[in-house]
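S.K.: Let me begin by handing over the structure; questions about it come next.
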Amino acid sequence: MTDDAPAEPLDEALTEEAEDPPTDLDEELDGAADELATLDTEIRDLIESVREDVETLRTAVRYEGQAIEPLFVRDDVREQFPPAELRQRMEELVLKGLGDPQRDAPLHDYGTLDATIRWYDEVLVASFPTGEWSGILFVFDREASPLVDLVGRHLDDD
């Protein structure tokens, strides 16, 4: 475990009672591999659907712990930023997403957090957590956002 890795999940695992191991570990591992393959296919299908329906998609990133996997980077975005800077931007957006826990004690009655959306002047970032330390995020060109634009106009008038 690295110093950067959160200790909370490990602490919980150490204090929980151990379950009986499955009788057929190979079957258990095969099932997990099938689930990951299905999830990977579903994510790629989702990205393809978003790209077909919305030409404003700039990037799509999957993250799990400290691992970040770019799933899609539009050509003009790839040309705009050197690889190291593009990677740094992705890491920063992932960190912002991780700052919003799926379960927030003061808001427990709302349920789990399914998504966060951040509006910037030029882009919209949508983050979808899939676990405590994992998720997918999309960055779109911000051509127009009626709600944000309306509020912005009213705030500018004051």
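S.K.: Can you pull out the chymotrypsin sites (Phe, Trp or Tyr not before Pro) in segment 41-139 that DSSP calls coil and that have at most 10 other Cβ atoms within 10 Å?
M.R.: Those satisfying the criteria are Tyr120.
S.K.: Starting from the alpha-carbon convex hull of segment 56-157, give the projected area averaged over all orientations, in nm².
M.R.: 7.8
Each value in this text was obtained by applying a stated rule to the coordinates, not by laboratory testing. What you are looking at is a predicted structure, and each value in this text was computed from that prediction instead of being measured. Here the Cβ is made from the backbone with ideal geometry for all residues, glycine too, and neighbour counts use every protein chain on show.
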